[in-house]
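Enquirer: Below are the structure tokens for one structure; questions will follow.
The values are calculated or read from the model by the stated rules, or taken from the named source; none is laboratory data. If you're wondering where the values come from, they're calculated on a predicted model, not measured in any experiment. Here the Cβ positions follow ideal geometry from the backbone for every residue, glycine too, while neighbour counts run over all protein chains shown. Heads up: the accessible areas ignore ligands, DNA and RNA and are worked out on the full protein's heavy atoms, side chains in. Shrake-Rupley method; radii C 1.70, N 1.55, O 1.52, S 1.80 Å.
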Amino acid sequence: METDPTRRFTYRAGDYARFRPSYPPEVAALLQKECGMTAGSRVADIGCGTGLLAERFLELGCELFGVEPNAQMRTAGTRLLAHYPRFHAVEGRAEATTLPDASVDFVTAGQAFHWFDPAAARSEFTRILKPGGHLVLVWNERAEGPGFQADYDTLVRRYAPEISRIQHDAIDCVFGGPVWRLAEFENRQELDLEGLQGRLASSSYAPLPGGPGHQEMLDALAELFAAHQVEGRVTLLYDTKVYW
């Protein structure tokens with residue numbers, strides 16, 4: 001398993017771009033209401049990856065700097081967001097974004113903060129944020145539930161036990177204490193078998209093709225899909241969590 005967090009998605013960028021869930025529009029609406037985000041806001045999206053969260057803010061009209069250390073993920077994000085003239089791909093990382101001092105109104109991170117060094121990231125975010133700027137951390141977490149949700153979770157834990165979970169002490173560290181607020185929204189994916197396979201393959205903890213457990217995982221996933229599919233599809237439910 002790759003230990004450098006900036007390289008963990010090198011062989012997964014294609015699956016990530018195709019099969020990861022996006023974020024509900026309520027995320028941008030929340031930041032407009034609670035934090036004053038507008039089309040004139042400048043946003044640094046850290047660990048921008050394939051651009052799923054960034055696109056929500058670009059749709060609003062924001063100028064967005066997609067900071068991403070992994071070349072393959074950065075390329076995938078640039079491809080997805082190429083038609084937004086206010087998008088700028090940046091080679092950098094949470095602890096060293098390369099952005100100027102006091103240059104952005106928002107620092108955001110979607111499905112990425114658990115890879116950051118919290119103390120070093122806090123220092124960098126404080127440097128690049130304008131006075132009164134906002135920090136926003138977002139995750140799509142699989143919802144708990146019976147049936148397919150529970151069986152899929154069991155399968156993931158069997159074949160990919162190294163699952164990253166939200167650590168509130170790390171969140172406290174980057175915010176400078178338990179001063180954050182939290183909102184949650186429902187989110188979902190409708191997936192055929194290829195989509196379900198790609199969704200799991202996009203996860204940093206899943207066995208790679210040719211590696212131990214990969215084929216066994218795919219076989220078990222096919223059986224799970226067959227047991228739960230309705231008209232050739234299954235539904236993955238998520239809780240989208242927004243810390244700001």
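Enquirer: Report, ordered by the first and then the second residue, all pairs with beta carbons closer than 7 Å, sequence separation of six or more or different chains, a first member in the range 33-44 that is open to solvent by less than 10 Å² (accessible area, probe 1.4 Å), and a second member that is of a type in the set (Ser, Thr, Tyr) and assigned to a strand (DSSP E or B).
Expert: Going by the 7 Å Cβ cut-off, the qualifying pairs are 43/108.
Enquirer: Separate question: Examine the range 148-159 for a residue that is out of contact with any Gly (no Cβ under 6 Å at 6 or more places or on another chain), open to solvent by 30 Å² or more (accessible area, probe 1.4 Å) and outside any helix (DSSP H, G or I), and state whether such a residue exists.
Expert: no
Enquirer: Quick one: what pairs do we get from the range 93-113, first residue in contact (Cβ under 8 Å) with a residue 60 or more places away in the chain and within 21 Å of residue 139 (Cα to Cα), second buried (at least 22 other Cβ atoms within 10 Å of the Cβ) and of a type in the set (Asp, Glu), C-beta under 8 Å, 6+ apart or different chains?
Expert: Taking only residues 6 or more apart or on different chains, the pairs are 108/45; 109/45; 110/45.
Enquirer: Only one of these is of a type in the set (Gly, Ala, Ser) and farther than 30 Å from residue 122 by Cα: 232, 177. Name it.
Expert: 232
Enquirer: Here is a follow-up. Take the range 109-147 and flag every residue that is of a type in the set (Ser, Thr, Tyr) and closer than 22 Å to residue 57 by Cα.
Expert: 126
Enquirer: Which condition number does residue 82 fail, the rest of (1) closer than 15 Å to residue 133 by Cα; (2) without any contact (Cβ under 8 Å) to a residue 12 or more places away in the chain being met?
Expert: Of everything listed in (1) closer than 15 Å to residue 133 by Cα; (2) without any contact (Cβ under 8 Å) to a residue 12 or more places away in the chain, residue 82 misses just condition (1).
Enquirer: Sticking with this one: Could you say which residue among 170, 119 is among the hydrophobic types (A, V, I, L, M, F, W, C), over 21 Å from residue 54 (Cα atoms) and either in a loop (DSSP other than H, G, I, E, B) or open to solvent by 50 Å² or more (accessible area, probe 1.4 Å) (or both)?
Expert: Exactly one residue qualifies, and that residue is 119.
Enquirer: Every residue in the range 70-112 that is of a type in the set (Phe, Trp, Tyr) and surrounded by fewer than 20 Cβ atoms within 10 Å (Cβ to Cβ), please.
Expert: The answer is 84, and nothing else.
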